[in-house]
Amino acid sequence: MTRRLPLLAALLMPLLAPLLLAGCERSLKNMYDQPRDKAYSANPLFADGASSRTPPAGTVPNSRGALAGTSSGRHGQDAVAADARAAAAASQPYPVTAQLLLRGQERYSIYCLPCHSPAGDGDGRVVRRGFPAPPSFHTDRLRQASDRHIFEVIGAGYGVMAPYGDRIRATDRWAIVAFVRALQLSQHAYLSDLPPDVQRGARQALEKTDGGAAP
């Protein structure tokens, strides 16, 4: 009888192995697919009912970006330092280059365009569907507003506009400010301010369209 036990076990092992492996795989799947909350979703475990938690007072960011995620936080401090310098700047801290304007246009198109419209006149698609219209960037008040004022409104919100400081980095907020200034200039530029070759092209285009003269 005792001699048959090892033989019986050897015969049963191929049959039992799939069952054992299935149990292990189920345990691993439970580890892979742990319960988690989506950003800004409700969670009854906290007093305020929100799953997204505000960092404790005094929390200091250590690193950010892909390098931070792939280096256990050993890299990425430069991005945090750049944001801190941008957040403290009283006026536009970057040279207004084509690269900065393109970055600002990209971020503007994502976060601002639905309400403010491509031209910045406050007639965006969301507004056309009933949302309160924001003021046009082309009013005298906003044309004369400081760069820092626009930067702070993006981050902290204003009126019915939500704050975007938690979604748009300080460096990108300055890029948006630069693009807003470009939009304002596009509606208030004088032909005499342009280079001579651009003036000639603009005058020819106006003559072909309506025969009007640019100011």
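The values are calculated or read from the model by the stated rules, or taken from the named source; none is laboratory data. This structure is a prediction, so every number in the text was calculated from the model and none was measured. Counting neighbours? That spans all protein chains shown, and the Cβs are built from the backbone with ideal geometry, glycine included. What goes into the accessible areas is simple: the full protein's heavy atoms, side chains included, and nothing from ligands, DNA or RNA. Shrake-Rupley method; radii C 1.70, N 1.55, O 1.52, S 1.80 Å.
State the three equivalent ellipsoid semi-axes of segment 127-215, derived from the C-alpha gyration tensor as the square roots of 5 times its eigenvalues, in descending order and whole Å.
Equivalent ellipsoid semi-axes, largest first: 33, 16, 11 Å.
If we restrict to alpha carbons, what Rg and Dmax does segment 58-215 come to, in Å?
Cα-based Rg and Dmax for segment 58-215 come out at 19.0, 64 Å.
Highest mean first, what order results for 120-132, 104-116, 45-57 on Cβ atoms within 10 Å?
Order by mean packing, descending: 104-116, 120-132, 45-57.
Which chymotrypsin sites (Phe, Trp or Tyr not before Pro) does segment 128-215 hold that lie in a coil by DSSP with at most 11 other beta carbons within 10 Å?
Counting only loop positions with at most 11 other Cβ atoms within 10 Å, the chymotrypsin sites (Phe, Trp or Tyr not before Pro) in segment 128-215 are Tyr190.
Once a ≥ b ≥ c are taken as the square roots of the eigenvalues of the Cα gyration tensor of segment 29-125, is the result rounded (a/c under 1.5), prolate (a/b larger than b/c) or oblate (a/b not larger than b/c)?
Cα axes put segment 29-125 in the oblate bin.
Given labels modelled 7 Å from the Cα in the Cβ direction, how far is it in nm from Glu152 to Leu67?
3.3 nm
Give me the distance in nm between label points sitting 7 Å out from Cα along the Cα-to-Cβ direction at Arg200 and Ser186, one decimal.
2.6 nm
If Thr97, Thr209 are ordered by their accessible area, calculated over protein heavy atoms with a 1.4 Å probe, which sequence runs from highest to lowest?
Highest to lowest solvent-accessible surface, that is Thr209, Thr97.
Taking 0.36 nm per intervening residue step and subtracting the Cα-Cα distance, what contour gain separates Lys208 from Asp123 on full extension?
In short, 27.7 nm is gained.
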